[in-house]
1. Name the helices (complete DSSP H segments) of the chain with a Cα length along the long axis of 27 Å or more and a Kyte-Doolittle mean of at least -0.5, or state none.
2. Restricting to lysine pairs 8 or more places apart or on different chains, what number in the chain have Cα atoms under 22 Å apart?
3. Could you check how much of the accessible area of the range 35-135 is carbon and sulfur, as a whole percent, using a 1.4 Å probe?
4. Ignoring everything except DSSP H segments at least 4 long, calculate the 222 nm mean residue ellipticity for the chain; use -39,500 (n - 2.57) per segment, divide by total residues, nearest 500.
5. So, with a 1.4 angstrom probe, what is the percent of accessible area on the range 159-252 that is carbon and sulfur?
6. I'd like to check one number: the per residue accessible area of the chain, probe 1.4 Å, reported in Å² as a whole number.
7. Which peptide among 246-253, 170-177 comes first, and what is the full order, when sorted by highest mean count of other Cβ atoms within 10 Å?
8. What three numbers, in Å, describe the spread of the alpha carbons of the range 39-103 along their principal axes, ordered from the longest?
Amino acid sequence: MDQLQGETKSLSVLADELEERMVLELENLIPVKSALFLSGERDPRLGPLVKSRDPNNRGKKMLMGPDPRLPRMPERPALADFFRLRFAPTHLLQSARLARLNGLEEKIVLACLLHDIAVAGLVQGDQGYWGAQLIEPYVDEEVTWAVRVHQALRFYPDPDVGYEYPQAYIQNFGSDYRPDPHIRREYERARNHKWYMTARLITCNDLYSFDPNVRVDIDDFSDIIAKHFRQPEEGLGFDDSPSAHMWRTINMPTRML
């Protein structure tokens, strides 16, 4: 018992030291949020909050690098680093686990692992499109396409493969909810596409409730990532790809510019 109390105290001390370090690092720095991440709570026409005008911030510099309140990323971050240090990954990991247990091919397991990557670390709305853009330089076109259109397919049942409209959507959106016209158009285009089943299988393995007793680690998929996700040598966000800026934003979300 004494040993356990000592370990608990040690963890508490470490937490206090970490908080003190973060405060000191931010003492002369001003982190900011862009208008997008304040919109709704603040009228976006007002622009971002200009914290440098706050008298309490007089003499401070704007944050132009990593936020010390967040876990420090490696200089050359890989996909697994984002899963561990920036994402809320339980849904992605459990969906990929389910796909693998169902015996699906590795490319579809990877698509399930990445399908809601935007929700996990970037934005909620139009997450299929954001997620597809985020991963496009690093995966096969089929995976990108599937991640993009699963956003539309999830609203439309396919009894032939056992996919029904999720009860969670009825609970969350109401029984009278109807998808926007652009979602309907995306669904209609996807129905006859050669990769329809790849996207449809994402929805079939898309979990709407999670098992708190199931623990899945990103390392469980290291072999699939190594074979099917092109990790840039410079690190995600620093390889000048068309989506590098998105990875940098997830890495350093409160930098000024």
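1. Working: long enough: 2-26 (36 Å, -0.31).
Taking the DSSP H segments of the chain (at least 27 Å long, mean hydropathy at least -0.5), we get 2-26.
2. Working: Lys33/Lys51; Lys33/Lys60; Lys33/Lys61; Lys51/Lys60; Lys51/Lys61; Lys107/Lys194; Lys107/Lys227.
So the count of such lysine pairs works out to 7.
3. Details: 2790 of 5490 Å².
Carbon plus sulfur share of accessible area: 51 percent.
4. Working: 13 runs with 126 residues, N = 257.
When only DSSP H runs of four or more count, the value is -14000 deg cm²/dmol.
5. On the way: 2740 of 5800 Å².
Carbon-and-sulfur percentage of accessible area, whole number: 47.
6. On the way: 15180 Å² over 257 residues.
That works out to 59 Å² for each residue.
7. On the way: 246-253: 19.9, 170-177: 9.6.
Peptide ranking by packing, descending: 246-253, 170-177.
8. 59, 32, 16
The values are calculated or read from the model by the stated rules, or taken from the named source; none is laboratory data. Everything numeric in this text was worked out from a predicted model, so none of it was measured. Glycine also receives a Cβ, built like all others from the backbone with ideal geometry; neighbour counts cover every protein chain displayed. Areas reflect the complete protein model, heavy atoms only, side chains present, ligands, DNA and RNA absent. Shrake-Rupley method; radii C 1.70, N 1.55, O 1.52, S 1.80 Å.
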